[in-house]
Amino acid sequence: MELKVEEAKTIEEGKHVGKIVEVQYREKPYAYTDLVIELANGIKLKAGYATKLSPVTKLGKLTQEFGAELVVDEVVNLDDVFVGKGCTFLVEKDGNFFNIIPKSVKPVEE
């Protein structure tokens, strides 16, 4: 297999603004929902939340902050809630990697 060498993209630690471009789900090692957030320079980062939707979970609180109403036994389409929405968030550097602090993700105030 051949791979093209790409230029390394970096960002600074601190507060950033981006746009949620995708919601992904993973099952291993635990059930998590990832928000894929793209910055203006094209870098994509993920913020992960345990896949449990209720008014008191981190994912539930964030879903409500983005305007969804949570009603017990009703279904919420997270793509409709998050994809295409602007957000602010904090980034911290961990070795060579940059990570979003999940609890720092907030909708952009319009």
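The values are calculated or read from the model by the stated rules, or taken from the named source; none is laboratory data. Since we're looking at a predicted model, the values are computed, not measured. All Cβ positions, glycine included, derive from the backbone under ideal geometry; neighbour counts span all protein chains shown.
Things worth noting here:
Table: residues versus (1) over 17 Å from TYR49 (Cα atoms); (2) touching a residue at least 12 places away in the same chain (Cβ under 8 Å); (3) of a type in the set (Lys, Arg).
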residue	(1), (2), (3)
ASP73	yes, no, no
ASN77	no, no, no
VAL81	no, yes, no
CYS87	no, yes, no
ASN96	yes, no, no
ASN99	no, yes, no
SER104	no, yes, no
GLU109	yes, no, no
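- For PHE98, the criteria (1) assigned to a strand (DSSP E or B); (2) within 14 Å of GLY18 (Cα to Cα) hold in every case but one, which is (2).
- VAL71, sole failed condition from (1) in contact with a helix residue (DSSP H, G or I) (Cβ under 6 Å, 6 or more places away or on another chain); (2) β-branched (Val, Ile, Thr); (3) more than 16 Å from ASP34 (Cα to Cα): (1)
- Of all residues making up the range 1-39, the number that are in a strand (DSSP E or B), surrounded by fewer than 16 Cβ atoms within 10 Å (Cβ to Cβ) and either without any contact (Cβ under 8 Å) to a residue 24 or more places away in the chain or in contact with a His (Cβ under 7 Å, 6 or more places away or on another chain) (or both): 3
Residue-by-condition table, conditions (1) surrounded by 15 or more Cβ atoms within 10 Å (Cβ to Cβ); (2) basic (Lys, Arg); (3) within 10 Å of the chain's Cα centre (by Cα):
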residue: ASN41; (1), (2), (3): no, no, no
residue: TYR49; (1), (2), (3): yes, no, yes
residue: LYS58; (1), (2), (3): yes, yes, no
residue: ASP79; (1), (2), (3): no, no, no
residue: GLY84; (1), (2), (3): no, no, no
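- Taken together, the criteria place GLY84 among residues that are modelled with pLDDT of 95 or more, out of contact with any Leu (no Cβ under 7 Å at 6 or more places or on another chain) and in a loop (DSSP other than H, G, I, E, B).
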